[in-house]
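See structure below.
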Amino acid sequence: MVLSDSRTGGGAPRRISAMEAVLTHLRDAIERGELAVGEKLPTEAELGKRFEVSRSVVREALRALQALGLTVSRAGKGTYVAAGGPVQNPVFGAYSARDLIEVRRHVEIPVAGYAATRRTQDDVDLLTHLIGKMEQEPDPTAWVALDTLFHISVAQASGNPVFRKIIEEIRDALARQSTFLNQLGDRRRQSDLEHRALVEAIVGGSEGAAVRAMAAHLEHVETTLNTIVRPGTAQHPQMKAKKQHE
């Protein structure tokens, strides 16, 4: 089976990776019931041969399926279908997407405001250095590591060590979610822009601008997650805000 490398939707087709194509085929098969709950998926080698891709591509697709909550991996036994029907709440390590969004709204938005008013010169230098590295980093895995460090560093700039501890506690889940969003939502470039806006607000000492920048960043994260989980149903944050004020 030869996989298409583009997907149509609203507007021009978007090129997608081989991993996305494999994931789409497997996800559709599960959601349509062609692969039933409890059924074992073919091995990585078998799937690689079927889709004419490498085992590493298949492995990434299987990880994404597991994050979506559609499959479960059993050590030494393989991958099994864990749920059918539409995906509701992806899981990243120990925490679900809903868990992360709720906590991040209540922690990282006020943290950004504190960072703008309490940051030291060392904090400013570190955040400026990190965003510069992220914008230039060619390796996706290295970029995700920088992304988690960036959010920890914003929390550190708040001057409250408890905030840093909270973000460090969820750093693995944040990294998994970031990888997921970059692979399936093409988020990396937009994240860089959002991070840059946040750094500029913190450096400028504007509490209001920092709060708005972090809120916008998390809103875009949530929107992208919703687009991946329920294609065609998510709205852009600006459209949601417009409807709320009509």
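What the table below lists for this structure:
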read-out	value
Relative contact order (%) - the chain, alpha-carbon pairs under 8 angstrom, separation at least six	17 percent
Residues in the stretch 171-194 reached by a label modelled at Asp99 [backbone nitrogen below 12 Å; 7 Å Cα→Cβ]	171-174
Distance in nm between pseudo-label sites at His25 and Ala215 (7 Å out along the Cβ direction from Cα)	4.5 nm
Whichever aspartates and glutamates have a C-alpha closer than 13 Å to that of Lys133, once near sequence neighbours (fewer than 8 apart) are set aside	Asp125, Asp147, Asp192
On Cα atoms only, tilt of 121-136 relative to the major axis of the chain in degrees	30 degrees
Neighbourhood charge, 15 Å Cβ-Cβ cut-off, centred on Leu100 and excluding it, Lys, Arg +1 and Asp, Glu -1	-3
Value at 222 nm in deg cm²/dmol, rounded to 500, when DSSP H runs of n ≥ 4 in the chain each add -39,500 (n - 2.57)	-21500 deg cm²/dmol
Accessible carbon and sulfur surface of the chain relative to its total accessible area, %, 1.4 Å	52 percent
Positive-pole candidate from Asn182, Asn89, Phe150, dipole of the chain, charges at beta carbon	Asn89
Cβ-defined net charge surrounding Thr43, 14 Å radius [Lys, Arg +1; Asp, Glu -1]	+4
For Glu31, net neighbour charge (Lys/Arg +1, Asp/Glu -1) across residues whose Cβ lies under 15 Å away	0
Å² of accessible area per residue within the stretch 46-110, as computed with a 1.4 Å probe and no ligands counted	52 Å²
Degrees between helix 97-118 axis and first principal axis of the chain (Cα, 0 to 90, nearest 10)	20 degrees
Where the Cα pairs of the chain fall when distances are cut into 10 Å bins, in %	7, 28, 32, 21, 10, 2
GNM top mover of Ser153, Ser56, Ser96 - the chain, alpha-carbon springs below 10 Å	Ser56
Estimated FRET transfer efficiency when R0 is 25 angstrom, pair Thr141-Ser54 (beta carbons, to 0.05)	0.90
Whole-Hz ³J(HN,Hα) from phi, Karplus 6.51 cos²θ - 1.76 cosθ + 1.60, for the stretch 206-212, glycine and proline x	9, 4, x, 5, 5, 4, 5
Sites Ser206 and Ala83 - FRET efficiency at Förster radius 45 Å, r taken between beta-carbons, to 0.05	0.50
Dipole moment magnitude, nearest 20 debye, the chain about Cα centre, only Lys, Arg, Asp, Glu C-beta charged	500 debye
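The values are calculated or read from the model by the stated rules, or taken from the named source; none is laboratory data. Note that this is a predicted model, so its numbers are computed, not measured. As a convention, Cβ positions derive from the backbone with ideal geometry for all residues, glycine included, and neighbour counts pool all protein chains shown. SASA here: full protein model, heavy atoms, side chains in, ligands and nucleic acids out. Shrake-Rupley method; radii C 1.70, N 1.55, O 1.52, S 1.80 Å.
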